[in-house]
Amino acid sequence: MTPRPPRVLVLTASVGAGHDIPAQALARGLRARRADVQVEILDALDTMGRLVHGAAEDAMRRTFGDGRLNWVFDLQYLLFARSPLRRLGQVALLRSGGPRLLDAVARRQPDVVVSTYPAATEVLGRLRRSGRLATPAVSAITDLASLHYWASPGIDLHLVTHPESLPEVERIAGPTVARPARGLHDERFLEPPEREQARRALGLPPDGAVVAVSGGGWGVGDLESAVQTALERRGTTVLALCGRNEQLREHLAAAFPKLAVRVLPFVDDMPTLLAASDVLVHSTAGLTVLEALLVGCRPISYGWGVGHIRANNQAYRRLGLARVAADRAALRSALADALAEPRRPLAAEFAGFPHAADLVLGLVDGRRSR
């Protein structure tokens, strides 16, 4: 009897782009390695029901869309990620979304479940610990720090994009398997074009500084001030990345009707864009900062230091991975320092890490050999 093809269920969430991109990259890696693999990407928030969806994506959209409500997101984060109330929130998440998530897995019967979204990871870990979920579960972690929910006891394998995250994963999850891995981002970042080649491809000036200003997939944070500050430096070209925020794109296009500012919608070829850029000014931490480091573009975190981003900013400072600017004066100084610093791409170092797809398929093979 011919064994059925391996099945991998990948859970994501359309909260910005930082969870969808790793899910899609992993799926590509799996299919490249096993022609017969069956990969399904599922939105965990849609699956876990209206209550979880409303508390996560819908509430975040409301607070992110209005800077005056940043304190609400900050308070939610402090209560449910950094205080004793965290455990109550985790239990409530399990009770509300657990049965639906368990049913979704049971209907698909995958050999392994991979989560790129922390709330889904937390539920999977608790289901595994209780014995209600028999399928091995993997967490794909793309944040640097503040990893409660990203890491969970019961998860069979934690994949980290930053090796510096391993100690925190082990503190949270206890004795567990945690591995640094590549393949949770666009693989072109590991072989990026040279700076000059990338600039030619994008039609950018060969000389002068290029500063990319990004608000993530939702286009959040103080992008306008970041653009203004970068333009203070003579000869600088600014690439303003607005994600899928059309209102922001229209606003910045009207505010900066200059050839020195390119206001861009969601960008598919980030490896070329960041390879062409000298500095990334980014508001939401996460995967884009890692991508900049891979190609030697110096990252600065600015414009939205609330919630988990504040914790990531503290880790950036402690580990020397990115500069952090709290206001325009600090950003002005950080830009000067970053532009004076030589490029130190990390792509060659990361290319030596195991591929996430190989580690996931190893779990599949291990399960089938029992």
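Show the residue pairs that are 6+ apart or on different chains and have beta-carbon atoms under 6 Å apart, the first residue being within the range 124-146 and touching a residue at least 24 places away in the same chain (Cβ under 8 Å) and not assigned by TED's automatic domain parsing to the domain that holds GLY97, the second being basic (Lys, Arg) and crowded, with 24+ Cβ neighbours inside 10 Å.
Going by the 6 Å Cβ cut-off, there are no qualifying pairs.
Do we have any residue at all in the range 263-273 that's among the aliphatic types (A, V, I, L, M) and closer than 25 Å to GLY352 by Cα?
yes
Would you point out the residue of the range 287-326, among those that are of a type in the set (Gly, Ala, Ser) and surrounded by 24 or more Cβ atoms within 10 Å (Cβ to Cβ), that is farthest from LEU184 (Cα to Cα)?
GLY303
Criterion first (out of contact with any helix residue (DSSP H, G or I) (no Cβ under 7 Å at 6 or more places or on another chain) and assigned to a helix (DSSP H, G or I)) does LEU339 satisfy it?
yes
Looking only at the range 337-361, count every residue that is without any contact (Cβ under 8 Å) to a residue 24 or more places away in the chain and farther than 15 Å from PRO180 by Cα and tell me the total.
3
Yes/no matrix, rows are residues, columns are (1) under 20 Å from the mean Cα position of the chain (by Cα); (2) assigned to a strand (DSSP E or B):
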position: ALA240; (1), (2): yes, yes
position: GLY243; (1), (2): yes, no
position: ARG249; (1), (2): no, no
position: LEU259; (1), (2): no, no
position: PHE266; (1), (2): yes, no
position: THR272; (1), (2): yes, no
position: SER301; (1), (2): yes, yes
position: GLN314; (1), (2): yes, no
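Look at the range 262-277 and say how many of its residues are under 15 Å from VAL227 (Cβ atoms) and either surrounded by 21 or more Cβ atoms within 10 Å (Cβ to Cβ) or among the hydroxyl-bearing types (Ser, Thr, Tyr) (or both).
2
Only one residue in ALA44, ALA27, ALA32, ALA55 is in the same structural domain as LEU147 (by TED's automatic domain parsing), surrounded by 16 or more Cβ atoms within 10 Å (Cβ to Cβ), at pLDDT 90 or above and out of contact with any Leu (no Cβ under 8 Å at 6 or more places or on another chain), so which one is that?
Just one listed residue meets the conditions, ALA27.
Pairs only if they're at least six apart or on different chains, beta carbon under 6 angstrom, first in the range 232-251 and assigned by TED's automatic domain parsing to the domain that holds ALA330 and at pLDDT below 95, second exposed (fewer than 12 other Cβ atoms within 10 Å of the Cβ) and assigned to a helix (DSSP H, G or I); list them, first residue then second.
Pairs that qualify, where the first residue is assigned by TED's automatic domain parsing to the domain that holds ALA330 and at pLDDT below 95 and the partner is exposed (fewer than 12 other Cβ atoms within 10 Å of the Cβ) and assigned to a helix (DSSP H, G or I): there are none.
Taking the range 161-217 as the search range and keeping residues that are β-branched (Val, Ile, Thr) and touching a helix residue (DSSP H, G or I) at 6+ places or on another chain (Cβ under 8 Å), which one is surrounded by the most Cβ atoms within 10 Å (Cβ to Cβ)?
Ranking the qualifying residues of the range 161-217, first place goes to VAL213.
The values are calculated or read from the model by the stated rules, or taken from the named source; none is laboratory data. Being a predicted model, the structure only gives us computed values, none of them experimental. Quick reminder, even Gly has a Cβ in these numbers, built from the backbone with ideal geometry, and neighbours come from all protein chains shown.
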